[in-house]
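Input: a single structure, listed below in structure tokens.
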Amino acid sequence: MGAVRQYVFPTARIIIWAVIAAALVVLALKGAELDPPDALQPTGEITEAVIPVEKGSVTNAVTVPASVVTDPPVEIKATANGVIAEIQVDDAKVDKGTRVLWIKSEEPVEPVVEVDDETGEETVTEQEPKVTWTSALAPVSGTVDVTTLKDQAVAVGEVIGTISPGTLSVSGTLTADQQYRLVGAKGSAQVTLKGGPAPFTCTGLTIGEAPGGAAAAGGEEAAGAPEAATGAVHCSIPPKVTAFSGLGAEIEITNGNAKDVVVVPVSAVLGTSQTGRVWTVKEEGAEPEPRDVTLGLTDGLQVEVTKGLKAGEQILEFTPVDDGTEGGVDCEDMAAYDQAAMEGDMETTQAFEEECFG
């Protein structure tokens with residue numbers, strides 16, 4: 001037994017370790033073998049989605065975040081040159097058209113000259129100036145604040161006071177896309193006050209430039225930043241609606257509705273207002289062909305095509321992306337080739353290989 005422990009067991013352990021070492025060497029050598037170069041080439045194929053043109057309905061409704069604001073004071077302007085002769089209303093509520101004050105204007109009159117027939121002596125008689133009284137009326141209903149004094153000289157167009165109407169409006173800003181969708185919108189809109197009464201109709205809808213030149217000051221937008229405001233929307237809250245300045249609100253403006261018309265996804269059109277371009281596919285496997293179309297209403301997801309496309313035609317679901325290869329590739333820009341290969345862009349990599357690698 002002692003001989004077994006002294007000679008047999010050590011010899012067996014040496015043989016086992018030798019077998020393990022040999023196996024590791026074989027595995028290492030096999031693992032070092034690389035696949036053929038062809039196995040590293042991307043094999044994916046990019047296909048473009050094709051969809052049929054259909055008919056549907058489009059409601060062009062734009063919802064704008066807004067807030068309740070107090071209507072600003074309205075200026076009262078002098079309508080004649082003269083002096084303030086009498087202030088009839090100040091620091092009081094008046095109706096539109098109420099006389100606020102009188103303006104007294106004096107116009108010189110030529111003196112009367114009489115000549116004595118016998119002596120030829122002239123007698124000059126001065127005449128009283130011609131006096132005209134002009135009313136300054138309240139342009140709107142509200143509380144009057146006269147900012148001029150009695151006997152103060154004023155000129156036509158000069159501000160002589162203000163009227164605070166005490167009314168509220170809803171005001172919000174628009175992006176360029178929303179402005180295009182609201183071209184020609186007028187009349188009224190639907191307003192919802194946060195935490196307030198049921199939605200109601202506001203009147204006197206106006207659409208104009210963004211306040212304070214926000215669009216001009218914004219400049220180029222940073223990536224991921226919210227789109228800059230290029231316009232503003234405003235409408236009046238009816239007196240019967242209880243609201244408070246500063247409340248948040250939403251203005252929903254409906255600017256047209258079309259039924260049973262040709263519609264396509266906005267993703268399929270290059271352009272969103274008035275004119276655009278789609279890519280038609282005549283048959284399976286055929287090269288897409290660009291076609292100019294005339295656009296109508298849009299709801300932000302689909303757009304009406306009023307001219308240039310018929311229901312049943314096939315188009316690309318997404319507008320083609322300019323990959324930069326139309327004008328040829330730059331053989332010195334190998335970083336672009338590497339990027340295209342990593343992204344699996346077969347069209348760009350093939351253009352590089354044909355142009356630069358033969």
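What net charge is computed for the residues neighbouring residue 131, neighbours being all others with C-beta under 10 Å from the C-beta of residue 131, Lys and Arg scored +1, Asp and Glu -1? Local charge sum for residue 131: -1.
Can you give me the % of accessible surface on the stretch 90-174 that is carbon or sulfur? Probe 1.4 Å, all protein chains present, nothing else counted.
For the stretch 90-174, the apolar C and S fraction of the accessible surface comes to 48 percent.
The stretch 81-112 and the stretch 113-183 have Cα centres lying 8 Å from one another. Cross-linked pairs 194/307; 259/282; 77/240; 93/130: Cα-Cα separations exceed 32 Å for 194/307; 93/130.
The values are calculated or read from the model by the stated rules, or taken from the named source; none is laboratory data. Remember, it's a predicted structure, so these values are computed and weren't measured experimentally. Glycine also receives a Cβ, built like all others from the backbone with ideal geometry; neighbour counts cover every protein chain displayed. Accessible surface is based on the protein model in full, side chains and every heavy atom, while ligands, DNA and RNA are left aside. Shrake-Rupley method; radii C 1.70, N 1.55, O 1.52, S 1.80 Å.
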